[in-house]
Every structure is written in structure tokens, then in C-alpha cells.
Amino acid sequence: MDMTSRLRVPAELQNLGVIRRFVQETAIAQGSDRQAVADMLQAVEEAAANIVVHGYCGQPGDIEVEVSLEKAVLAVRLRDRATLFDPTSVPPPDLALPLEERRLGGLGIHLARHFTDSMTYRVTDDGRNELTLRRKIGS
Amino acid sequence: MNISVNQALGRVPVAILAIQGDLDASNYRDLIATAEQASAAGTGHILLDLTQTSFISSSGLVALHSIALLLQGERPPDPESGWSAIHAVGRGLSAVAREHIKLLNPQPKVQQVLVKSGLAEFFEIHTDLTAAIASF
């Protein structure tokens, strides 16, 4: 049976810790392993921070966080009403370049990609951004 | 997150900035500000004690990057000017900065993020406080 829990919080930087704690406690309670949860927290932080900073740009708004365990996959969905933007379209950094030539921009999305098995984006039927982060448990 | 600042004297004076808690987008500017204050007070060498830091986001990495720039004599971007300005920084980190900022005891998850970002190859990492202070 799939289990799903939701949280809705104002899109403010001080709520990033609230979001991480919710994801951590919910995912553990649902049966995810600690390694999968730790990886997911990294991705959730980066995605949620992007929504607050780049999406809402300081304007008021909400972030809805949905945590579920779906057939041995931990899934976290982030939904917001900020300007429509697909973070999965951000190109990966050129890691072949030496450090001094790399840019830090896009680093958050790079980390989110690295710590999850997949990131997918869609616009919901009611016009919201929805980013789904998935991480297999037990691996 | 709390940051405690202590001074130690090895071959040179070293400011030890110990971070307790998660370093994320909500507080990374506090770390930059603390380093700026230490630098303004004359500190040229900073040891970041990450023993009690279990989480670091890309914003935390930006803070480390900004402090390194500060210690190599460059003015880091004004945090108040926004995330975009800081993330737009493309300036490199020199070997000079490497001698002025070092890390102590990054926890496994933090170390993993440092490695994945490419910053682990820049920062000298220590696991012993005395040795870390003596290395400056």
C-alpha cells in the first residue's frame, strides 16, 4: 500500500529546515532507509531553496511537500505557484573543466541530480510547478 | 545554526569558526558575515570546524567559496544583493586562498557534497585540531 503525507508551508528560507525535518521524519516512518533519506534531504533542500529564491523571488507563496513510499522508491513532490520553470532543463555543469574554471551557478540542481535516481517536472492541472524527486531505498 | 569563534596561535594566529547545526540557504550569509568580521579584525587564517555540521547545501558551499575569495584578498559578493549575484561568481580560487582557509572534521555527508561539487580538491581537510592549527 502506498503511503503519502503532505506539508504546506510559506515559501520562506527559514522554513527549509522545517521541510527537511518533515521529509526526514515522514520518510523514516514510512520505511525508507537512512541513506536514502539523507540523499533525498540534499535534493529537497536544493529544490526548495530554488523555489523560494528563484521561483517566488521574495514574493509570498506556498510550497507543498508530499512524501510517499512507492514500491521501494522514496518519492518527494514539491509543488508551488511560482513562475513556471522546469529545473530539469538546467544543463549539468562541465565537470571536465578544472575547478578554477567551473562556475557555481547550477550547483544546487547538480547536487539534486546526483543524490536522486530521477527528477521529473510537470505542470499540474491547476497550473502549478511540480517537481518529483525519486530515490530507491535499500541501495 | 550557531557559530562560535575562537582564536588559536600556531605559527600564525588562526580564527577557528565552529559551526553547530545545518548550513543551508537560510543561514549561509551568517557564516560569510562572521568570516568578514574576523577578517576585518585582522584574521588572515580561518579554520572551519565542521565537526558538528551534519548538513551542507550548495549555499553553504557558496559560503566556503566566498570566504576563500575574501582571504585571497577579493571582496566576495554582497550577500544582500541576492542569491543570483553570489551564484554568478565564476572567479577561481587560488593556491593563496588554500593556505588561508582549511576545514576540520567534515562529516561523511558533508564530505560527499564537497567531493561532488569539486570543492574537496581545493580545501585542505584535517581531522586533528592541533595539526590543523599547526598547518597554517
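If each residue's Cβ is checked for other Cβ atoms within 10 Å, how do A:Y121, B:Y28, A:Y56 rank with the fewest at the top? Before the final figure, lay out the partial values.
Working: A:Y121 15, B:Y28 25, A:Y56 19.
Neighbour counts put them in this order, fewest first: A:Y121, A:Y56, B:Y28.
Mind checking A:37-44 for the average number of partner chain beta-carbons within 10 Å of each residue's beta-carbon?
Details: counts 0, 5, 2, 0, 5, 8, 0, 1.
Average per residue, whole number: 3.
Mind listing the phi-derived Karplus ³J(HN,Hα) values for the stretch A:32-41, rounded to whole Hz, using 6.51, -1.76 and 1.60 with θ = phi - 60°, and x for any glycine or proline?
Result, ordered by residue: 6, 7, 5, 5, 4, 5, 4, 5, 5, 4 Hz.
Summing +1 for each Lys or Arg and -1 for each Asp or Glu, what net charge is found among the other residues whose Cβ lies under 14 Å from the Cβ of B:V110?
On the way: positive: B:K109, B:K116; negative: A:D39, A:E45, B:D22, B:D24, B:D49.
Spelling it out: positives minus negatives among the neighbours equals -3.
What does the average come to when, for each residue of peptide B:114-121, you count the partner chain Cβ atoms lying within 10 Å of its Cβ? Before the final figure, lay out each step's value.
Working: counts 0, 0, 8, 10, 10, 4, 1, 2.
Mean partner-chain Cβ count within 10 Å for B:114-121: 4.
Compute the projected area of the convex hull of the Cα atoms of the protein assembly as shown, averaged over all viewing directions, and report it in nm² to one decimal place. If you can, show how the numbers build up before the last one.
Details: hull surface 57.3 nm².
For the Cα atoms of the protein assembly as shown, the hull's average projected area reads 14.3 nm².
Tell me the relative contact order for the stretch A:1-85 as a rounded percent, counting alpha carbon contacts under 8 Å between residues six or more apart. Provide the component values of the computation, followed by the final result.
On the way: 118 pairs, mean separation 34.6, N = 85.
Answer for the stretch A:1-85 is 41 percent.
Helix-derived [θ] at 222 nm for chain A: sum -39500 (n - 2.57) over DSSP H runs of at least 4, divide by residue count, nearest 500? Mind dumping the intermediate values first?
Details: 3 runs with 40 residues, N = 139.
Using -39500 (n - 2.57) per qualifying helix, the result is -9000 deg cm²/dmol.
Grab the other residues whose beta carbon is less than 15 angstrom from that of A:I19, score K and R as +1, D and E as -1, and report the net.
Here the charged neighbours net out to -4.
How many partner chain Cβ atoms sit within 10 Å of a residue's Cβ in peptide B:105-111, on average, as a whole number?
That works out to 1 on average.
Quick check: net charge around A:S139, other residues with Cβ under 14 Å of its Cβ, Lys/Arg +1 and Asp/Glu -1? Working shown, then result.
Numbers: positive: A:R34, A:K71, A:R134, A:R135, A:K136; negative: A:D33, A:D39, A:D117.
It works out to a net charge of +2.
Note the per residue figure in Å³ for the convex hull of the C-alpha positions in the stretch A:3-136.
Numbers: hull volume 15.1 nm³, N = 134.
Residue-normalised Cα hull volume stands at 112 Å³.
Read-outs: derived from the displayed coordinates by stated rules, not from any lab. Note that the coordinates shown come from a computational prediction; the quantities given were computed from them, not determined experimentally. Cβ coordinates were reconstructed from backbone atoms using ideal geometry, including for glycine residues, and neighbour counts include every protein chain displayed.
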